[in-house]
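Chemist: Next up is a structure, given as structure tokens.
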Amino acid sequence: MRIAALLATALLLAACEKQDSVRESVDLGDKRAKLGAYKEAVRAYESALDGTAKTAEVHYKLGVLYDDKLKNPLAAVHHYDRYLDLVPTEGRSKEAKSARADCEKR
């Protein structure tokens, strides 16, 4: 019984650390983007991605960066698509669909 409790506690702590790490990476990406260090922002944001809907917003931020700042519509479309795969009807789905369509016109 004690071992199970210790294991559960360890898993919870690991999950909390992962969330903190994700938040720190997103915050760093936001700071770098504001400073105009877009490639550094991309690296920070990409380190936050975990493939779940919890980090879908990071895909949206990457899409915007690639679209507006790095002028890379192909990469932007990829991230808009990932965002829409993870949250197809929630959050910024309308904006992502519109931005994706604009990228495809170029």
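Chemist: Using a 1.4 angstrom probe on the protein heavy atoms only, could you order R43, R32 from most to least accessible area?
Modeler: Numbers: R43 150, R32 75 Å².
Largest to smallest exposure gives the sequence R43, R32.
Chemist: Quick query: amide H of N72 versus all other amide H atoms, modeled in the peptide plane; which residues come in under 5 Å with a sequence gap of 5 or more or a different chain?
Modeler: Hits under the 5 Å cutoff: D67.
Chemist: I've got another one for you. Label-point separation (nm) for N72 and K97, each offset 7 Å from Cα along Cα-to-Cβ?
Modeler: Spacing of the two 7 Å Cα→Cβ label points: 2.7 nm.
Chemist: Cα to Cα, under 26 Å, and not fewer than 8 places away if on the same chain: which lysines meet these conditions relative to K69?
Modeler: Within reach: K31, K34, K39, K54, K61, K94, K97, K105.
Chemist: So, one more: With a 1.4 Å probe and all protein chains in place, put T52, T89 in order of accessible area, largest first. Present the calculation step by step, with values, prior to reporting the outcome.
Modeler: Working: T52 50, T89 115 Å².
Ranking T52, T89 by accessible area, largest first, yields T89, T52.
Chemist: Could you list the GluC sites (Glu not before Pro) in segment 30-101 that lie in coil according to DSSP, counting only those with at most 12 other Cβ atoms within 10 Å of their Cβ?
Modeler: Numbers: sites: E40, E46, E57, E90, E95; in loops: E90.
Answer in residue order: E90.
The values are calculated or read from the model by the stated rules, or taken from the named source; none is laboratory data. Because the structure is a prediction, the values reported are computed rather than measured. Cβ: placed from backbone, ideal geometry, glycine included. Neighbour counts: every protein chain shown. Areas reflect the complete protein model, heavy atoms only, side chains present, ligands, DNA and RNA absent. Shrake-Rupley method; radii C 1.70, N 1.55, O 1.52, S 1.80 Å.
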